[in-house]
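Below you'll find the structure I mean.
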Amino acid sequence: MEKLNIGHGSGGRLTSEIIFQILQPFRKENVSPYLEDCAIVDGNIAITIDGYTISPRSFPGGNIGELAICGSVNDLAMRGAKPNFIAMGLIAEEGLAKDELLSYMESAAKVCSELSIQLVTGDTKVLPKGQVDGLYITTCAIGTPPSNRDPLGMHLITPGDVLIVTTEIGQHEATIAALRYGLSVPSLQSDCAPLWPLVEQIIEMDGIKCMRDCTRGGLGTVLCEWAESTSLGIEIEESKIPISNEVSSLCDILGFDPLYLACEGCAIIAVAPETSEKVLSVLKAHKLGEKAQIIGKVTEEHKGYVGMNTKAGGRRLIDMPVGEMLPRIC
């Protein structure tokens, strides 16, 4: 009997396969043809759900409470939806310090307050010691999609579209990796942040096609999903991808590929070529997009595949990762 392994939760190839299999029993009823991280229901409701199991629960740049709100807010934002309401489920381990739990709730509440998001319902379970690792959080967020345009999504991507990444990639998972491996990188911290304030600046602009936050599986996996789902080719330039020296150095030490490192405050955006420079300018004017860069384009060539022009002058095929570089990073 085939059993799940840790790679099935990596966000890469095995995750795609298990999701396909999970959805099979539902196809007789009804499953949305657009498997985005956020669904648009009845044309005026945006909804998403996610679970958070990160270890360690606190890290430079955030904690599990802040991450849970930011992650769900970002999934809404990637469809152009304004976050309004959130539901939260807590599964805690017997023996977890109450003050620690409440500190995470303070962090979550702070993000909600900043974005005027209302906590509307939730659930709390405490399991016997050893049956859960400290604390897991599930969030379901509901928002309002834009009323004057189609919801953003992969189905809008066309050849010639320009690809913009909003900030340096890999910051979140690199931070968690440094903690796990006992590496001291004082200036390295997670990019954990709610992206709606950034998205709000561009959502009314012409030419915005599709957005995705680069979480599990990182930038590389998102681009592969877009190429395979649209049967279009994608070309990116290695020299244009923003990566901090800290992330690059950590990847050199641990043998990681930064293209596949998870982010929690970074998005990739597909934009029509005639408006790409204007969009880039608006992004750079916001603190969350100061390091935004155009990194590539959509093409009719090599359909279904992602190619990267390397700094060395060659071309590299980018594929989804099969295993897991680092589990429990979100």
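The values are calculated or read from the model by the stated rules, or taken from the named source; none is laboratory data. Note that the coordinates shown come from a computational prediction; the quantities given were computed from them, not determined experimentally. Every residue, glycine as well, gets a Cβ built from its backbone with ideal geometry; the counts of neighbours run over all protein chains shown.
Given the criteria aliphatic (A, V, I, L, M) and either in a helix (DSSP H, G or I) or assigned by TED's automatic domain parsing to the domain that holds Gly51 (or both), does Val222 qualify?
yes
Can you go through Leu261, Leu254, Leu288, Leu232 and tell me which one is over 21 Å from the mean Cα position of the chain (by Cα) and farther than 26 Å from Gly160 by Cβ?
After applying the criteria, what remains is Leu254.
If you check every pair at least six apart or on different chains, which have Cβ atoms under 9 Å apart with a residue in the range 165-182 that is on the phi > 0 side of the Ramachandran plot first and a residue that is among the aromatic types (Phe, Trp, Tyr) and in a helix (DSSP H, G or I) second?
If the second residue must be among the aromatic types (Phe, Trp, Tyr) and in a helix (DSSP H, G or I), the pairs left are Gly170/Tyr260.
Evaluate the range 106-127: report whether one residue or more is among the basic types (Lys, Arg) and part of a helix (DSSP H, G or I).
yes
Right, next: Within the range 182-198, is even one residue at pLDDT below 95 and under 17 Å from the mean Cα position of the chain (by Cα)?
No: the range 182-198 contains no residue that is at pLDDT below 95 and under 17 Å from the mean Cα position of the chain (by Cα).
For residues that are under 27 Å from Ala81 (Cα atoms) and β-branched (Val, Ile, Thr), scanning just the range 210-256, find the one that is surrounded by the fewest Cβ atoms within 10 Å (Cβ to Cβ).
Residue satisfying both the conditions and the ranking: Ile241.
Name, by its number, the condition in (1) under 22 Å from the mean Cα position of the chain (by Cα); (2) surrounded by fewer than 15 Cβ atoms within 10 Å (Cβ to Cβ) that does not hold for Ala109.
The failed condition is (2).
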